[in-house]
Amino acid sequence: MVDQKTLEDIPGVGPAIAEKLHEAGYNDMMSIAVASPADLAEKCDIGEKKAADIIEGAKLCADVGGFETGVEILERRKAILKLTTGSKAFDELLGGGFESQAIVELFGEFGSSKTQLCFQLAVNATLPEDQGGLDSDVVIIDTENTFRPERIEQMARYLGADPEETLRRIHVARAFNSQHQILLVDKAMELARDHKVRLLIVDSLTSHFRAEYVGRGTLAERQQVLNRHMHDLLTFATMNNAVIAVTNQVAAKPDAFFGDPTRPIGGHIVGHASTFRIYLRKGKAGKRVARLVDSPNLPEGEAVYTVTEDGIKD
Ligand code: ADP
Ligand code: MG
């Protein structure tokens, strides 16, 4: 899927520039990834800054990998943006909000507000950066047919944003099965060439996988496909400096096949690829509790928030 890349998969490269690249003899990712900006700029008659961006993009597409110094990584991390949840306590738990260049996994039982949180993130992402937003469009891959534009309108209105304008920036696709879901990440990659997309939501990440891969013999295959899907999502996050939010429903009752009911499906595959894992549950008096389960640089902890008509609040 994402492995079969064409030059137009590089952010900022449309048909016109792709043609120039081909004419100049740059026919694959690797040849661009190892080019010098000055060289590429001259041969393709484009600006040097543009050439440098294309080379960076090609490096990511080509998965060249290799070593980076700590300074380079620090530099890349300086570009990380934080997206507000709408709740101060929740934001503080995450060190300021949902981070870009990362996958955040929201797991919890049915009704624990995973989808509501996704709606709120989608609305917030369209806000200007100084309001905790990402000033960006949003892609939602909806696998359970739970997207509700009316809820987006309510939340936008409360924030003083134009509901219709907000909806216009949210691009929703229904995924009919797991293969379709995977293909939609490629589609999102295409969309991100024309629009700034700094939030991609997959709600739910695992429902199709859970339904389709039934029986013991299919477990290894399911994990492999899911692993690949997570890798594609992480590529999207890095290439677009985007937040990836995925939901994962915890089985409500014990299940011989999926094992421990309090553990999210996808197990360590999803867990390892996610940078942050947040467990959501219902609290007292209609309150909700978010617990940060796994983070490379933040302490574990909990935040209490509420889901209201206006959206997520403290
Ligand atoms: P999940 O995706 O985890 O299964 P949802 O995000 O769909 O759960 O959460 C559903 C809950 O969100 C409902 O039980 C309700 O408490 C709350 N909710 C949904 N819509 C509204 C609303 N308009 N006003 C207040 N609370 C709402
Ligand atoms: Mg849901």
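The values are calculated or read from the model by the stated rules, or taken from the named source; none is laboratory data. Since the model is a prediction, treat every value here as computed from it, not as a measurement. For neighbour counting, all protein chains shown are included, and Cβ atoms are generated from backbone atoms with ideal geometry for every residue, glycine included. Ligands, DNA and RNA are stripped out before the accessible areas are found, and what is left, the full protein with its side chains, is counted by its heavy atoms. Shrake-Rupley method; radii C 1.70, N 1.55, O 1.52, S 1.80 Å.
Considering each residue of region 1-48, count those that are closer than 28 Å to Asp232 by Cβ, of a type in the set (D, E, K, R) and over 23 Å from the mean Cα position of the chain (by Cα), and give that number.
3
Taking only region 143-157 into account, find how many residues are open to solvent by 70 Å² or more (accessible area, probe 1.4 Å), closer than 19 Å to Leu183 by Cα and more than 11 Å from ligand 1 (Cβ to nearest atom).
Start the filter on region 143-157 by keeping residues that are open to solvent by 70 Å² or more (accessible area, probe 1.4 Å), which leaves 144-145, 148, 150, 157.
Subset that is closer than 19 Å to Leu183 by Cα: 144-145.
Now narrow it down to the ones that are more than 11 Å from ligand 1 (Cβ to nearest atom): 145.
Total satisfying the criteria: 1.
Looking at region 158-220, what helices (runs of 4 or more DSSP H) fall wholly within it and have at least 3 residues that are buried (at least 17 other Cβ atoms within 10 Å of the Cβ) and in contact with a strand residue (DSSP E or B) (Cβ under 8 Å, 6 or more places away or on another chain)?
It comes to 178-194.
When you check Ala52 against the structure, is it aliphatic (A, V, I, L, M) and more than 19 Å from the chain's Cα centre (by Cα), yes or no? Steps first, please.
Numbers: aliphatic (A, V, I, L, M): yes; more than 19 Å from the chain's Cα centre (by Cα): yes.
Against the criterion (aliphatic (A, V, I, L, M) and more than 19 Å from the chain's Cα centre (by Cα)), Ala52 qualifies.
For region 111-142, enumerate the residues that are open to solvent by less than 10 Å² (accessible area, probe 1.4 Å), outside any strand (DSSP E or B), more than 10 Å from ligand 1 (Cβ to nearest atom) and closer than 23 Å to Ala290 by Cα.
Result: Leu121, Ala122, Val123, Asn124, Ala125, Gly133, Leu134.
Look at Ala62 and say whether it is surrounded by 13 or more Cβ atoms within 10 Å (Cβ to Cβ) and modelled with pLDDT under 95. Full working, then the answer.
Values: surrounded by 13 or more Cβ atoms within 10 Å (Cβ to Cβ): yes; modelled with pLDDT under 95: yes.
Taking the combined requirement at face value, the residue satisfies it.
Please indicate, with yes or no, whether at least one residue in region 167-177 is touching a residue at least 12 places away in the same chain (Cβ under 8 Å) and more than 28 Å from Glu109 (Cα to Cα).
There is at least one residue in region 167-177 that is touching a residue at least 12 places away in the same chain (Cβ under 8 Å) and more than 28 Å from Glu109 (Cα to Cα).
I'm checking my understanding of the structure. Among residues of region 9-22 that are free of Cβ contacts under 8 Å to residues at least 12 places away in the same chain and open to solvent by 80 Å² or more (accessible area, probe 1.4 Å), which one is farthest from Val197 (Cα to Cα)? Spell out how you get there, then give the answer.
Initially, region 9-22 is screened for residues free of Cβ contacts under 8 Å to residues at least 12 places away in the same chain, giving 15-16, 19.
Keeping just the survivors that are open to solvent by 80 Å² or more (accessible area, probe 1.4 Å) gives 15, 19.
Numbers: Pro15: 20, Glu19: 25 Å.
Only one residue tops the list, namely Glu19.
I'm trying to understand the selection: among the residues of region 209-241, which are in contact (Cβ under 8 Å) with a residue 60 or more places away in the chain and either farther than 26 Å from Glu99 by Cα or among the hydrophobic types (A, V, I, L, M, F, W, C) (or both)?
Met230, Leu233, Leu234, Ala237, Met239
Going by the conditions given, is Glu105 open to solvent by 10 Å² or more (accessible area, probe 1.4 Å) and not β-branched (Val, Ile, Thr)?
Working: open to solvent by 10 Å² or more (accessible area, probe 1.4 Å): no; not β-branched (Val, Ile, Thr): yes.
Spelling it out, it is not the case that Glu105 is open to solvent by 10 Å² or more (accessible area, probe 1.4 Å) and not β-branched (Val, Ile, Thr).
Going by what's in this entry, would Ser100 be described as within 16 Å of ligand 1 (Cβ to nearest atom), crowded, with 20+ Cβ neighbours inside 10 Å and assigned by TED's automatic domain parsing to the domain that holds Tyr158?
In short, no.
Within region 233-246, is there a residue that is within 16 Å of ligand 1 (Cβ to nearest atom), in a loop (DSSP other than H, G, I, E, B) and closer than 30 Å to Pro128 by Cα? Step through it out loud before you land on a result.
So the first thing to find is which residues in region 233-246 are within 16 Å of ligand 1 (Cβ to nearest atom), and the list is 245-246.
After this cut, where a residue has to be in a loop (DSSP other than H, G, I, E, B) as well, the list is none.
No - not one qualifying residue is present in region 233-246.
Condition (residue is in a helix (DSSP H, G or I), under 22 Å from Arg291 (Cα atoms) and away from ligand 2 (no atom under 16 Å from the Cβ)) applied to region 102-110: is it met by at least one residue? Show your work before the answer.
Kept after step one, since they are in a helix (DSSP H, G or I), are these residues of region 102-110: none.
Taking every residue of region 102-110 in turn, none turns out to be in a helix (DSSP H, G or I), under 22 Å from Arg291 (Cα atoms) and away from ligand 2 (no atom under 16 Å from the Cβ).
Filter region 23-35 down to residues that are over 30 Å from Gln224 (Cβ atoms), open to solvent by 50 Å² or more (accessible area, probe 1.4 Å) and assigned to a loop (DSSP other than H, G, I, E, B), then give me how many there are.
Result for region 23-35: 2.
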